[in-house]
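Everything on this sheet refers to the single structure shown next.
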Amino acid sequence: MKKKHILVISQHYYPEQFRINDLTESLVKRGHEVTVVTGIPNFPEGNFFKGYGWFSKREEMIHGVRVIRLPITPRKNNFLTLGLNYLSYVNTGFLWNLFTKVKADIVFTYAQSPITQAIPAVQYAKKHKVPHLLYVLDLWPESVEAVTGVKSLFVLKQIGKLVDYVYKHSDKILSSSKSNIDAIKERNVSDEKLQFWPQYAEDFYAPKESSPETEIIQDGRLNITFAGNLGPGLGLELLPKIVKRLLEESIYNFRFVMIGDGLSKEKLEKMVEKEHLQEHFQFLGRKPAMSIPQYLANSDVAYISLAPNPLFDKAIPAKVQSTLACAKPILASANGEVQQIVKEANCGFVCDAGNEEQLVEKIKEILKLSKEEIQELGKNSLQYSQEHFSKEKLIDELEEMMEEF
């Protein structure tokens, strides 16, 4: 295809760990010029990363990608400052649009939460009369209601109007899950504008041999590893209850390994401590994304969970693709598309989101498996990844979509 200058709007970018990092670098390797307009890195802890601030590292070249950082308010660890964080990116994005000399051929918005980050993208596309591709990973206003608990019809209606504005001013809307497409259609978006485009796993997500390189305790217990953001909406508060029930049945040969940080980590740690369950949990904190394949290799099963909510039934968390690519069996406490993928791939065990009884039974089933049976499930994971989430094929598709304009 004809090489383009692609302007990427994403409030989060390297050194924050999001899949947009790999996508932009891959587009550069294919000959495109890529400029990213992002914020000052502060996810997930909520404080600016060391070396970054309002007056430092405001522009960088990272692996061939030009990165422009807008001054924003750090998210901290409460919903008030999180809201200010979202609004500050919109405000500084407006000012950037007034004075920027960037001349792009197309705008691509990586629309994880918040959808507000798409406003600077719409402004740029309208001002410079270039097409805007919106990649929807989180549905709004549904995500706001599900994660924050906001129930005000007035607030949700205003957010809905903002979403409608963004959708209206997007030339193409890509969705990371098939279910989200139906939800987007309900906002008067035509079929011609929509396309399913799932996430892929970066190249470093690949099978590895088990080794003593990680802190995961190797004492013969079943290591069930959760790797990712420990945030609300994942139903992680279920785990201490599960552990207690297993211990009551005199089942001790297991451990949950928690890798990551986020708003729910401290609460989960306190629940574990209060119930004296530390022996069956290992909290390892946040790790570089490139180290996760080794942590998974040193685990028996990967744990993926979502809270019971109709919105989350439509989601495919990025860790699904990562886990499949690492040839690791999955224990999923989730409904909808996650459950469907695990069943189709025959790569693990599923239970309904939030169902304690089912999750206890699935862990008991896994404990009965031989090492060879667990490895066979892992092989199924890898095969499904190669067939459905090939990085090269998906980037080919993205280039074809960009070529339409």
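Of note:
- Residue that is modelled with the lowest pLDDT [pool: residues in the stretch 20-51 that are within 20 Å of VAL90 (Cβ to Cβ) and assigned to a loop (DSSP other than H, G, I, E, B)]: GLY46
- When TYR165 is tested against (1) in contact (Cβ under 8 Å) with a residue 60 or more places away in the chain; (2) of a type in the set (Ser, Thr, Tyr); (3) surrounded by fewer than 17 Cβ atoms within 10 Å (Cβ to Cβ), only condition (1) is not met.
- Subset of the stretch 355-405 (residues that are of a type outside the set (Phe, Trp, Tyr), in a loop (DSSP other than H, G, I, E, B) and closer than 30 Å to TRP197 by Cβ): SER390, GLU404
- Number of residues in the stretch 345-357 that are over 15 Å from LEU236 (Cα atoms) and touching a strand residue (DSSP E or B) at 6+ places or on another chain (Cβ under 7 Å): the value is 4.
- The criterion of at least 1 residues that are among the polar types (S, T, N, Q) and in contact with a strand residue (DSSP E or B) (Cβ under 7 Å, 6 or more places away or on another chain) is met, among strands (runs of 3 or more DSSP E) falling completely within the stretch 103-218, by 106-111, 172-175, 194-196.
- Residue check for LYS343: more than 15 Å from the chain's Cα centre (by Cα) and part of a helix (DSSP H, G or I): yes
- Single residue of the stretch 79-114 satisfying the filter (of a type in the set (S, T, N, Q) and under 20 Å from TRP140 (Cβ atoms)) that is surrounded by the most Cβ atoms within 10 Å (Cβ to Cβ): THR109
- Number of the condition not met by LEU331 [criteria: (1) closer than 18 Å to LEU239 by Cβ; (2) assigned to a helix (DSSP H, G or I); (3) touching a Lys or Arg at 6+ places or on another chain (Cβ under 8 Å)]: (2)
- Looking across the stretch 243-266, the residues that are in a helix (DSSP H, G or I) and either surrounded by 20 or more Cβ atoms within 10 Å (Cβ to Cβ) or modelled with pLDDT under 95 (or both) come down to VAL243, LYS265, GLU266.
- Which numbered condition GLY348 misses (of (1) surrounded by 21 or more Cβ atoms within 10 Å (Cβ to Cβ); (2) under 21 Å from LEU194 (Cα atoms)): (2)
The values are calculated or read from the model by the stated rules, or taken from the named source; none is laboratory data. Since the model is a prediction, treat every value here as computed from it, not as a measurement. Here Cβ is always computed from backbone atoms with ideal geometry, including for glycine, and neighbour counts include all displayed protein chains.
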